[in-house]
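Have a look at the structure below before the remarks.
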Amino acid sequence: MADENITLYGMQASLYTGKARAFMRRNRIGVTERGAGHPDYAARIMPQIGRFILPVIETPAGDIIQDGTDILDYLEAAGLSHEPLYPKDPVTRAVAHLLELFGNEGLLRPAMHYRWNFDADNLAFLKISFADVFPAHFDSAGRAAAFDHASGRMRKAAKAFGVFPETYETIEASYAEFLALYNAHLGETYYLLGNAPTVGDYGLFNPLYAHLARDPKPSHLMKSTATYVWNWVERMNRPEQMEEHTLNNPPSAMFGTGDFPDSLKKLMTYIGEEYGAEFSAHVDFANHWLSSPDRAAEASQGGLGRGMGFASFVWRGHELKTVVMAYRFYLAQRLWDHFDSCTAETQTKIRTLFTASNLEVFLDKRPTRRVVRENHLEVWAE
């Protein structure tokens, strides 16, 4: 019955809603989706979570969980998934956490660029896609004004991720390289790490669905240059079991420590080159920020918000300053906690694999304090 479903508050065009929706679809979890413009979101949900943010689920028992990653963990812990979210092999799981982090945060430049810098292709579609975030009582003039305001904020946010006219061409070249690498990998496997999706797939799905597969300009690019990636996006959104015939020799299990294909290793090397310097700069900024006694006291009061400041680094020949967000450390901690829980022998295997792809920074570069969630907000732990 519909009233026994989980309620998902989200948005069709929302990058972070896509992961939660896809997980519930694939695992055939009963869900009723409501746009953030639904009156219950403003009246009941926002006062409890303390901010406007998506996605949020509300269970029939009244539990409220905010953030796609926390939603997936909650649903799996509740026994509602039939596909394991985390690989059993500890080295494979480390790779899954790396890909989760990169997908969630490392592809924001192309996601924002391809959404907001191609109005001739995208704008009419986006105006329709944003409709579910506006209150239903808005008339056409009200919706138009609300879209102009929301899109203006998002265009400004794109700059915070390094999207400027002088970087457009480099962003497009970098994304084309990613598509080629991921497409080659998916020519050998249906999912990132073998025969079933993991948390790494859901991390990558965030930008590769809502922005880069739905919006008209990048959708055409993906369909015409990376057909296996497009096929994967469709597969991630599909609840029914279906025989596949696109690969000659699909994997019959998850990849293990000794049989990671070269296509996966090349993708990991790309992540090290693309995201390592930025991630390192963000950790350095956070640690400098935390070293101030005034900041340390401030960090213990209230939520951290989405941005702490801007960190500088070199990316593909450009001097960039991008926004530092504590949420990225919240995600990275999942990799660190897993790595720290492994035996010394397994840690050596993980480190060897990561070192070969210039990824050691994601194991070793850490803030001096943990980020935790209290009352639905990210805060620095004592």
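Each reported figure results from applying straightforward, stated rules to the coordinates on display, with no laboratory input. If you're wondering where the values come from, they're calculated on a predicted model, not measured in any experiment. Cβ sites come from the backbone with ideal geometry, for glycine too, and all protein chains shown count toward neighbours.
Tabulated results
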| read-out | value |
| --- | --- |
| Among D215, D201, D340: highest mean-square fluctuation, GNM of the chain, C-alpha pairs under 10 Å | D340 |
| Global form of the chain, assessed from the alpha-carbon gyration tensor, a/c cut-off 1.5 | rounded |
| Antiparallel content of DSSP bridges confined to the chain, in %, to 5 | 80 percent |
| Cα centroid separation, region 200-218 to region 265-285 (Å) | 20 Å |
| Loop-resident sites, region 44-149, for trypsin sites (Lys or Arg not before Pro), counting at most 16 other Cβ within 10 Å (DSSP) | R51, K88 |
| A173 paired with E188, simple spin-label distance in nm, labels 7 Å along Cα-to-beta-carbon | 2.7 nm |
| Most mobile of A141, A253, A356 in a GNM of the chain (Cα contacts under 10 Å) | A141 |
| Ranked F260, F354, criterion: other C-beta atoms within 10 Å, fewest first | F260, F354 |
| Region 2-77 - charge dipole about Cα centre, Lys and Arg +1 at Cβ, Asp and Glu -1, debye rounded to 20 | 300 debye |
| Potential lengthening between A253 and E83 on full extension [0.36 nm per residue; Cα-Cα distance subtracted] | 59.9 nm |
| Anisotropy class of region 2-77 from Cα gyration tensor, a/c 1.5 cut | rounded |
| Given K88/K365; K19/K217; K217/K349, the pairs whose alpha carbons are separated by over 30 Å | K217/K349 |
| Listed residues Q347, Q12, Q333, most fluctuating in the chain (Gaussian network, C-alpha, under 10 Å) | Q347 |
| Gain on full stretching of the segment that runs from A141 to H220 - 0.36 nm per residue minus C-alpha separation | 25.4 nm |
| Projected label distance in nm at D73 and E234, using a 7 Å step from Cα toward the beta-carbon | 3.5 nm |
| T348-H149 pseudo-label distance in nm [points 7 Å out on the Cα-to-Cβ vector] | 6.0 nm |
| Value at 222 nm in deg cm²/dmol, rounded to 500, when DSSP H runs of n ≥ 4 in the chain each add -39,500 (n - 2.57) | -16000 deg cm²/dmol |
| FRET efficiency estimate (nearest 0.05) - Cβ-Cβ, V314 to E360, R0 25 angstrom | 0.85 |
